[in-house]
Protein chains: 2
Amino acid sequence: MEIRNNTYTLRKCKFIVNYDKVIEDKNIIIQDNFIKDIGEETEGDEIDCSKYVVIPGIVNAHTHTPMIILRGYYDDAELPVWLEKMWQFEKKYQLEAMNLSSELAILEMLSKGTTAFVDMYFNPDGIRELSRKYGIRAYAGYTFLDSLFEPYEIDMKQRQLREDNLFKPIINVHSVYATSINTLKLARQLSEEQNTWVHIHVSETRREIYEIKKKYGKFPVELLHEFNLTKNSQLVHLGWIASWEINYVNHATHCPTSNMKLATAGFFPFREMLERGLNVTIGTDGPASNNSLDMFREMKNAVLLQRHSYWDTSIKAYHVFKAATEEGYKLIGVKGGRVEKGYIADLVLIRKDPLYPLRKDRILSNIVYNSVGEYVEKVIVNGKIVYDEDKLITFNKRREELLKLLDKVIP
Amino acid sequence: MEIRNNTYTLRKCKFIVNYDKVIEDKNIIIQDNFIKDIGEETEGDEIDCSKYVVIPGIVNAHTHTPMIILRGYYDDAELPVWLEKMWQFEKKYQLEAMNLSSELAILEMLSKGTTAFVDMYFNPDGIRELSRKYGIRAYAGYTFLDSLFEPYEIDMKQRQLREDNLFKPIINVHSVYATSINTLKLARQLSEEQNTWVHIHVSETRREIYEIKKKYGKFPVELLHEFNLTKNSQLVHLGWIASWEINYVNHATHCPTSNMKLATAGFFPFREMLERGLNVTIGTDGPASNNSLDMFREMKNAVLLQRHSYWDTSIKAYHVFKAATEEGYKLIGVKGGRVEKGYIADLVLIRKDPLYPLRKDRILSNIVYNSVGEYVEKVIVNGKIVYDEDKLITFNKRREELLKLLDKVIP
């Protein structure tokens, strides 16, 4: 149904799920961008939510949306070979096609309950426009990657990038092995000036560890720390981080599927990070290395990989659910990731029918281990319904158009 | 559309995918139970398949369907503790409820493209009836598990179990640690008499290896080999198999998700098994330890776990696709698992629209890494359409009924 004013009610939500608490049969009143109240009251238009499970919005903390065009392009190679292949194509990849690809990825992400994403690529202006068009939160910037682009060029472009309602610039740095020390310094300076964070791949492969140690005498995270680039940085992958380096980390992002698919092996020390109270988030990584953008599957795979690595079950469903919701919102600096009074109204409504057994004490397990992305029916961002059955029709039409437009540039 | 006779045509299939070959825009003529021809001709009624990707039927080589009632019941424990919890419930689990649960699981599996499954539980008669009702291939038997049931009782019941059109009895043995040597001998004898195979969990945990070695002086697979129980046996899990034991194995089943979720760690040596030409299949395991029954996700997770274990990409999409199709059919002894003239007409039709990029050279990658179970639209078993949009409505109705009936017995 259409919502005609700024206050409305999600009525009789079957379950409202936070990582630490599940409640049943309550109403959620949304006013403007926020959750005004949760309880028995109603206000404004009403949406019957008795057939939905309501969870907080989900943050895909690391992806490369334009790489959806490269999905399946070079699946069966290890990271160094795979990356070379990607870069060969990316040298010729045109901005317009990048934006069309990002749009395709956003349609896919929204329909699976992702309300915010952190993107590393070369089309942040396009991302900003798409964020406005679809009402999804987006965090993107030009990416420092010295072999493909001159750092001063990235710096210049980045300085022209403007914030928008749901869009915020971030400082993307590919990695310590693909940039110079000067570039790292430039990135730090920019992040301070623009009051945003640095987003970087670190300690992803054994080869990276070896090469950085040989070149600089330090491990990658140590090196970043030396240049004051760990405090306000989001470090992605960390499969080969040394135990003592964990002390330097503040924001860490786990991409279990991509790490496994690219055979980088290693061990993202989730438990130790939780013990130290770090901000730990989860990302799908790009559609060329996952190849799905479904964050529900990613939550499950995070538990699976962690249990396989620790030989125990210390990482549980609620840890990864928290990482994908509340911790994701902590990373992006928005008071969201919880379905709670006073929090931003970023919400995901999941059909309850296919979930069996549907019980209060098992609903979190069902969401994570049954990976319910396919049952997402409505998505709310900033109080607005940005995805529902009506949008599905529009989305499908637009997808058809995008596929046709992109057909010529698929490598 | 309704098919009015025994010969019909799947017209203009967008792609027809076998693990080793993809063809485009061809017709599949089905006559009775078999694929009569693939090419330009048509015969009988026609179904327009220009919007479908056609793949062979999928075999879920190891599951415990009645455990869907235990989905999410005790998720966050390691195997020995988890198993104790399961057994406590199973002691009181009534046959009628088991059958209702199996029915629920079959609805779920069929709708995700599973055409055959191998089940280990205590309700094979119910499974036979359900196999007839839904037209799915099923392989089940009473399970030897000495702590719960007297072996002679299982033996007696098993002898009364009859084959059916799509159902075949198998000899289920829980494990070497949960049965005596006499039970193992009984199982072998039964399998010879009933001309079927033994289906058993083996070398799943370090603890099992330790206990069996201490008790018998042999590793579990060695022990089975001593009692002539490896030649015609399907050995499930094998995460802790010793390298020299691989020589004794003929049929091995990999359950990557369950192994990771239960933190059994270890290493299923997929590559070594392929090198020796073994019959390697894939199973979801039961819905209490996965918790999904979607074989597409299982194929992906098999690649992921293997790449993480080997630190390389030697296990590729086509290996797991083959394991889930052609090798699955080899296990169950049916000439299927390929979309090819003369093979049994067990087929899965997947909507092509959501698959991007949709290209001949990437379709196999898309099926495996994008895990397309949610896009399955029609399923054909033995030449008959056993799942389509019409059936979806019937399935959903029946699911509602089953949920109500089962509500009282959920632990």
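Every read-out reported here was derived from the displayed coordinates using simple, explicitly stated rules and does not represent laboratory data. Here the structure is a predicted model, which is why all the values come from computation and not from measurement. Neighbour counts are summed over all protein chains in view; Cβ atoms, including those assigned to glycine, are modelled from backbone coordinates with ideal geometry.
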Degrees separating the helix A:295-310 axis from the principal Cα axis of chain A, which is the longest one: 60
Fraction of beta bridges assigned by DSSP in the protein assembly as shown that are antiparallel (%, nearest 5): 45
Nearest 10 degrees, 0 to 90: helix B:95-111 Cα axis against chain B principal axis: 40
Compactness of region B:58-332 as Cα Rg over 2.2 N^0.38 Å, two decimals: 0.91
Stokes-Einstein diffusion coefficient of region A:28-177, Kirkwood radius over Cα pairs, 25 °C, 0.890 mPa s, in µm²/s: 140
Region B:264-342-region B:185-246 distance, computed between alpha-carbon centres (Å): 20
10 Å Cβ neighbours from other chains, averaged over peptide B:75-82: 4
As computed over region B:329-390, the Cα convex hull volume per residue (Å³): 111
Potential lengthening between B:Asp164 and B:Glu340 on full extension [0.36 nm per residue; Cα-Cα distance subtracted]: 60.8 nm
Sequence of B:Phe270, B:Phe219 once ranked by neighbouring C-beta atoms within 10 Å, starting from the fewest: B:Phe219, B:Phe270
Label geometry 7 Å along the beta-carbon vector: A:Thr394 inter-copy distances in nm: 3.8
Integer Hz, Karplus 6.51/-1.76/1.60 couplings in order for region B:263-270, x for Gly and Pro: 6, 6, 6, x, 7, 7, x, 4
Cross-link partners of B:Lys12 among aspartates and glutamates (Cα-Cα below 14 Å; sequence separation of 8 or more within a chain): B:Glu24, B:Asp25, B:Asp37, B:Glu40, B:Glu41, B:Glu43, B:Asp45, B:Glu46, B:Asp48
Pairwise FRET efficiency - A:Lys92 versus B:Arg398, Cβ, R0 = 51 Å, nearest 0.05: 0.45
Teacher prompt: B:Glu40 distances to equivalent labels in other copies, 7 Å Cα→Cβ, nm: 7.5
Minimum Cβ-to-axis distance in chain A for the rotation onto chain B, with residue, whole Å: A:Glu374, 2
Exam field: B:Pro80 pseudo-label spacings to other copies (7 Å along Cα-Cβ), nanometres: 4.2
HN-Hα J in Hz across region A:344-355 - Karplus 6.51, -1.76, 1.60, θ = phi - 60°, x for Gly and Pro: 4, 8, 10, 9, 10, 10, 10, 4, 7, 3, x, 8
Peptide-level mean, for A:351-360, of C-beta atoms on other protein chains within 10 Å: 5
From phi via Karplus (6.51, -1.76, 1.60), per-residue ³J(HN,Hα) for region A:61-78 in Hz, x at Gly/Pro: 7, 7, 8, 9, 3, x, 7, 5, 5, 9, 4, x, 6, 8, 6, 10, 10, 6
Percent of C-alpha pairs per 5 Å bin, region B:90-179, short to long: 3, 15, 25, 24, 18, 10, 4, 0
Neighbour net charge for A:Trp311 - beta-carbon separation under 10 angstrom, K R +1, D E -1: 0
Set B:Lys91/B:Lys408; B:Lys133/B:Lys335; B:Lys91/B:Lys404; A:Lys300/B:Lys384 screened for pairs whose C-alpha atoms are more than 24 Å apart: A:Lys300/B:Lys384
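What average number of partner chain Cβ atoms lie no more than 10 Å from the Cβ of the residues making up A:300-311? All intermediate terms of the calculation are to be shown ahead of the outcome.
Numbers: counts 8, 6, 0, 5, 12, 4, 2, 9, 15, 4, 2, 7.
Across A:300-311, the average partner-chain Cβ count within 10 Å equals 6.
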Under the Debye formula (equal points on every Cα, no solvent term), log10 I(q)/I(0) of region A:263-329 at q = 0.16, 0.22, 0.26, 0.27 Å⁻¹: -0.53, -1.01, -1.32, -1.37
FRET efficiency, 1/(1 + (r/R0)^6) with R0 45 Å, evaluated for B:Asn232 and B:Asp45 via beta carbons: 0.60
Around A:Gly286: net Lys/Arg minus Asp/Glu count, Cβ-Cβ under 10 Å: -1
Largest-first principal axis extents, alpha carbons of region A:120-230, Å: 46, 24, 24
Solitary cysteines of chain B, where the nearest other Cys Cβ is not under 4.7 Å: B:Cys255
B:His199 long-range amide H proximity, modeled H, under 5 Å: B:Ile171, B:Asn172, B:Val173, B:Gln234
Folded to 0 to 90 degrees: helix B:206-216 orientation relative to chain B principal axis, Cα: 50
Principal axes of the protein assembly as shown: Cα extent on each, largest first, Å: 79, 59, 59
Estimated FRET transfer efficiency when R0 is 22 angstrom, pair B:Phe149-B:Lys213 (beta carbons, to 0.05): 0.25
Euclidean distance of C-alpha centroids, region A:368-405 and region B:1-38, integer Å: 32
Binned Cα-Cα distances of region B:202-289, short to long, each 5 Å bin given as a whole percent: 3, 15, 26, 26, 19, 10, 1
